[in-house]
Amino acid sequence: MSGATSDSVTADILSTQVPAAVAQGHTAETLAGISDGSSDRATSLDKKFRGTVDAVSVPPSSHDGLPNPTPEEQLTLRKVPGSIPMVCWLLCLVEFAERASFYGAKTVFTNFLEYPLPKGGNGAGAIKKGSEQTAGALGKGLQFANAFVLLFSFLAYVVPIGGAWLADVKYGRFKTIAIGVVICFVSHIIMIFGALPSVLQAYKGLAPFIVSLLVLALGAGIFKPNVAPLILDQYTAQKPYTRVLDSGEKVIVDPEATVNQIMLVFYALINVGAFFALATTYAEKDVGYWLAFLLPTILFMLLPLLLAFMYKRLVKVPPSGSELTKFVQVCSVVVKENGFKFWKKDYWAAAMPSKLAEKGITTFGGKPIRWSDKFVDDVSRMLDACKIFLYFPIYNLNDNGIGSVANNQGSTMLSKGAPNDLLSNFNPITIIVAVPILNMVVYPFLRRNKIAFGPIKRITFGFCIACLSGVIGTIVQYRVYETNPCGYQATSCVSDGKVSPIRIWWQVPVYSLGALSECFCNVTAYELAYARSPKSMRALVVSLFLFTTALSSALGEILSPVIKDPYLIWVWAGPAIALFVQTGIFWFRYKHLDGEAFMTTDEDEDTLNDEEASQDIPARDTAVEEKKAGAEDSGRNTSGTETPVPENI
């Protein structure tokens, strides 16, 4: 989900051994029994298939005992997803519980901050029965509420960079997730006590709420970037292969189709959790904020139990700071070789060891170069994905509006007893309905009819849907101003119960279209973050995508002074216009990526890493010095001329 109630996720795949039942005979229907053990690695890098077929057909080889599809089969056979291991669903329950507690609390933040305790209410934030008032507690106004909700979102999507670093370099994904769980639990406890009726009536609720808000952003940020990669770690078939179904049809089991299916289902379950916000919106209106914050905390307590149960059942990727180090080294080499001419063709090829060897360069910092051509290609692909992410901040502003503007719009419309933040639940409802249709109808139809709907097409389509959502929000806001008793100062009348006669249900298309766009944009972006990055940097790349939401929140903070009456029409219209222009630029700039391989294999990289791990570092350094000494001793030939010694970077 994005905007006021939005989010997303997604992440990675490791190449490990496939069961013999699948590898031999190819008649098994699922991959559910995938082993946790590592497969034997090939010693050479397979030639990449990037959407074109070589003029000369090459006989298919095999990986992990499974036959590679031939170029002809790539064009003619139907592609199908593999089956998802059961442990993935248990991890989805973890994400469900965390997201339910996160969104259950976040959804009521705006009303809690913006509006005062209702007149005639119970003193806990609930309204008088039958009133058109809005639940509230602190009464700090729209700009204050909007600023802190945006600050919360900003922190929740900046902190993941640190959380990803902890997982990739220090603790691994599972332990980092556990740290995030503990921090989030503390924040929920503080939030409950800050919302007790006695605290609110004494006007002392602001300080504990702000503390709990900041702590929750920290915990969620540590937790969030690591769950999706951990889920995809459990699906271990990384390369496409052929198999024969019971029907006799020969198909390609495709990693892209599988990752897409996992991420769609995962995203749907996130939104099942987000739908829990329905309970908290009614709790704030009918009982009070202490209950609205207690309910998410109770659900959150499922997390420690689930994590303890799964601990020994998970494939866990150990932390590795080496790839981050190699990434920095590759960047330094390519800048040294090419300068900052980023537009140069084959810019990153200059850092490939094969190219450096042609120049006589075989070492970096006095040690043998430790990265491969494959790793450099992964870095290039990863940065392509990161450049795509830069188009998401403006998209996010169109997904349910900027900050709290959608909630504010709902509060100025006729609700007939419905909470003004109820309509935000149509975001998860739409996703829950859309995902099965996409997974079981739309995408199988496209694959069956050989209709290419690559990641760039999917993102572009999602951008178009979000743009339409922003246009509808603009029209609804215009009609609210035109029909409200206070005209273009509609927000000022809310506390007196004066609202526009337009029903709040006119907001449904805004939320539903924004949610539908997420199924194409956010899900695909997470797939790219996973598939186009080195395996030990995947959480970090996911966090960089999440950071685009933080940039959207920062833009919202900048716009906070104008997020008020009478400017709210342009608060909707401006981002919609910007997204319309951006969508055209995005399509023409990146449409070629749909022809590239979705994921490249790690075989040569793993071979290099295994060789390095098997050697003692001091012994390796000694060997390097011995090679240097030997080169110097033999540096003169019989004619007395110098023999070139390999150059060091």
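Of the numbered criteria (1) within 26 Å of the chain's Cα centre (by Cα); (2) modelled with pLDDT of 90 or more; (3) buried (at least 17 other Cβ atoms within 10 Å of the Cβ); (4) not aliphatic (A, V, I, L, M), the one TRP290 fails is (1).
So that you can scan it fast, the table gives a plain yes or no per residue for (1) surrounded by fewer than 19 Cβ atoms within 10 Å (Cβ to Cβ); (2) in contact with a Ser or Thr (Cβ under 6 Å, 6 or more places away or on another chain):
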residue: ALA385; (1), (2): no, no
residue: LEU414; (1), (2): yes, no
residue: PHE426; (1), (2): no, yes
residue: ILE437; (1), (2): yes, no
residue: LEU446; (1), (2): yes, no
residue: ILE451; (1), (2): yes, no
residue: CYS467; (1), (2): no, no
residue: TYR478; (1), (2): yes, no
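Considering LYS416, LYS355, the condition of being out of contact with any Pro (no Cβ under 8 Å at 6 or more places or on another chain), in contact (Cβ under 8 Å) with a residue 60 or more places away in the chain and of a type outside the set (A, V, I, L, M, F, W, C) is satisfied by LYS416 alone. For the stretch 325-341, filtered to residues that are surrounded by fewer than 17 Cβ atoms within 10 Å (Cβ to Cβ) and of a type outside the set (S, T, N, Q), the residue that is nearest to LYS359 (Cα to Cα) is LYS336.
Within the stretch 554-568, identify whether any single residue is touching an Asp or Glu at 6+ places or on another chain (Cβ under 6 Å) and either in contact (Cβ under 8 Å) with a residue 12 or more places away in the chain or within 28 Å of MET263 (Cα to Cα) (or both), and answer yes or no. Scanning the stretch 554-568, I find no residue that is touching an Asp or Glu at 6+ places or on another chain (Cβ under 6 Å) and either in contact (Cβ under 8 Å) with a residue 12 or more places away in the chain or within 28 Å of MET263 (Cα to Cα) (or both), so the answer is no.
Of all residues in the stretch 225-241, none are buried (at least 19 other Cβ atoms within 10 Å of the Cβ), within 21 Å of TYR103 (Cβ to Cβ), without any contact (Cβ under 8 Å) to a residue 40 or more places away in the chain and not acidic (Asp, Glu). VAL433 falls short on exactly one of the conditions (1) under 25 Å from ALA279 (Cα atoms); (2) in contact (Cβ under 8 Å) with a residue 12 or more places away in the chain, and that condition is (2).
The number of residues in the stretch 66-98 that are free of Cβ contacts under 8 Å to residues at least 12 places away in the same chain and either within 17 Å of VAL315 (Cα to Cα) or touching a strand residue (DSSP E or B) at 6+ places or on another chain (Cβ under 8 Å) (or both) comes to 1. GLY473 meets each of the listed conditions (1) surrounded by fewer than 17 Cβ atoms within 10 Å (Cβ to Cβ); (2) touching a residue at least 60 places away in the same chain (Cβ under 8 Å); (3) of a type outside the set (Phe, Trp, Tyr) apart from (1). Of the residues screened, GLN201 is not one that is in the same structural domain as GLY288 (by TED's automatic domain parsing), farther than 25 Å from ALA406 by Cα and touching a Pro at 6+ places or on another chain (Cβ under 6 Å). For the stretch 103-149, a residue qualifies if it is farther than 14 Å from TYR282 by Cβ and among the charged types (D, E, K, R), and the qualifying residues are LYS106, GLU114, LYS119, LYS128, GLU132, LYS140. Might you check whether a residue that is part of a loop (DSSP other than H, G, I, E, B), at negative phi, under 35 Å from the mean Cα position of the chain (by Cα) and surrounded by fewer than 24 Cβ atoms within 10 Å (Cβ to Cβ) occurs anywhere in the stretch 140-147? Yes, the conditions are met somewhere in the stretch 140-147. Name the single residue, out of those in the stretch 74-99 being farther than 29 Å from LEU230 by Cβ and surrounded by fewer than 17 Cβ atoms within 10 Å (Cβ to Cβ), that is modelled with the lowest pLDDT. Applying the filter and picking the extreme gives LEU75. If you filter the stretch 448-465 down to residues that are in a helix (DSSP H, G or I) and of a type in the set (Lys, Arg), you find that the one that is nearest to ASN522 (Cα to Cα) is ARG458.
Given the criteria surrounded by fewer than 24 Cβ atoms within 10 Å (Cβ to Cβ) and among the acidic types (Asp, Glu), does GLU557 qualify? Spelling it out, GLU557 is indeed surrounded by fewer than 24 Cβ atoms within 10 Å (Cβ to Cβ) and among the acidic types (Asp, Glu). Scanning the stretch 304-329 for residues that are of a type in the set (Gly, Ala, Ser) and modelled with pLDDT of 85 or more gives a single hit, ALA308.
Residues of the stretch 188-224 that are among the small types (Gly, Ala, Ser), more than 15 Å from ALA292 (Cβ to Cβ) and either touching a strand residue (DSSP E or B) at 6+ places or on another chain (Cβ under 9 Å) or buried (at least 20 other Cβ atoms within 10 Å of the Cβ) (or both): ALA217, GLY219, ALA220, GLY221.
Looking only at residues in the stretch 402-431 that are touching a strand residue (DSSP E or B) at 6+ places or on another chain (Cβ under 8 Å) and outside any loop (DSSP other than H, G, I, E, B), the one that is modelled with the lowest pLDDT is LEU414. Would it be correct to say that LEU213 is touching a residue at least 12 places away in the same chain (Cβ under 8 Å), in the same structural domain as LEU90 (by TED's automatic domain parsing) and over 27 Å from PHE389 (Cα atoms)? Against the criterion (touching a residue at least 12 places away in the same chain (Cβ under 8 Å), in the same structural domain as LEU90 (by TED's automatic domain parsing) and over 27 Å from PHE389 (Cα atoms)), LEU213 does not qualify. When the residues of the stretch 388-401 are filtered to those that are at pLDDT 90 or above and outside any helix (DSSP H, G or I), which remaining residue is surrounded by the fewest Cβ atoms within 10 Å (Cβ to Cβ)? In this case the residue turns out to be LEU390.
Of the helices (runs of 4 or more DSSP H) lying entirely inside the stretch 484-600, those carrying at least 3 residues that are at pLDDT below 85 and not aromatic (Phe, Trp, Tyr) are 522-531, 538-559. What about GLY125, is it at pLDDT below 90 and surrounded by fewer than 17 Cβ atoms within 10 Å (Cβ to Cβ)? Spelling it out, it is not the case that GLY125 is at pLDDT below 90 and surrounded by fewer than 17 Cβ atoms within 10 Å (Cβ to Cβ). Residues that are more than 18 Å from GLY125 (Cα to Cα), of a type in the set (A, V, I, L, M) and within 18 Å of the chain's Cα centre (by Cα) do not occur anywhere in the stretch 182-201.
The rows are residues; the columns are (1) closer than 30 Å to ASN68 by Cβ; (2) not hydrophobic (A, V, I, L, M, F, W, C).
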position: CYS184; (1), (2): no, no
position: ILE189; (1), (2): no, no
position: LEU206; (1), (2): no, no
position: VAL211; (1), (2): no, no
position: GLN234; (1), (2): yes, yes
position: LEU245; (1), (2): yes, no
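The values are calculated or read from the model by the stated rules, or taken from the named source; none is laboratory data. Bear in mind that the values here come from a model prediction, so they are computed numbers and not experimental data. Backbone-built Cβ (ideal geometry, glycine too); neighbour counts: all protein chains shown.
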